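Worksheet: one structure, shown below.
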Amino acid sequence: MHADHRLHTQHHSDHSVVTLSGEFDLASRPLLREELRQAVDTCPGDLLLVDLAAVGFLDCCALGVLVGAHNDATRQGVRLVLVAAPRPVKKLLSITHVDLLITSRLSLEAALSVPESAARRA
């Protein structure tokens, strides 16, 4: 991976968590895309959680990267779930209708406790 302190990926036995912190915009798009691509490719299970709790700003360029990662993950049989999105990020997801495409959960615990069949319906 890389040395950007705003991105961190942890692999667990059956899922991975990519933690984002700080601001994500056009300038950070390449780093975000690469981190998510590697996380999808190396995810040990079928669940990739993207923890947004510490995101201060996310623009439409970064949102496009999340949609692309969701599409890549889906093609590889991995469920990408957004976790703990702050209010401004939730608003962006809603305005753009990305919340209808990508599953979101309030917390890591909630995302991990949803059975696969229910997560696919959400």
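Below is a table of values for the structure above.
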| item | result |
| --- | --- |
| Those residues of region 56-71 which are farther than 14 Å from ALA85 by Cβ, buried (at least 18 other Cβ atoms within 10 Å of the Cβ) and of a type in the set (Gly, Ala, Ser), in sequence order | ALA69 |
| Test: residue in region 6-16 that is in contact with an Asp or Glu (Cβ under 6 Å, 6 or more places away or on another chain) and buried (at least 21 other Cβ atoms within 10 Å of the Cβ) | yes |
| Members of region 54-87 found to be part of a loop (DSSP other than H, G, I, E, B) and within 20 Å of ARG105 (Cβ to Cβ), listed by number | GLY77, VAL78, ALA84, ALA85, PRO86 |
| Pairs, first closer than 19 Å to ALA111 by Cβ in region 14-32, second assigned to a helix (DSSP H, G or I) and among the small types (Gly, Ala, Ser), C-beta under 7 Å, six or more apart | SER16/ALA39; VAL18/ALA39 |
| Residues satisfying the stated conditions in region 6-46, i.e. under 21 Å from PRO88 (Cβ atoms) and in a loop (DSSP other than H, G, I, E, B) | ARG6, ASP25 |
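Rundown of residues vs (1) modelled with pLDDT of 95 or more; (2) closer than 21 Å to SER113 by Cβ; (3) of a type outside the set (Asp, Glu), yes/no style:
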| position | (1), (2), (3) |
| --- | --- |
| HIS8 | yes, no, yes |
| VAL18 | yes, yes, yes |
| GLU34 | yes, no, no |
| GLN38 | yes, no, yes |
| ASP41 | yes, no, no |
| VAL50 | yes, yes, yes |
| ARG87 | yes, no, yes |
| SER94 | yes, no, yes |
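The values are calculated or read from the model by the stated rules, or taken from the named source; none is laboratory data. Keep in mind it's a predicted model, so treat the numbers as computed, not measured. Because the Cβ atoms are built from the backbone with ideal geometry, glycine has one as well, and the counts that use them run over all protein chains shown.
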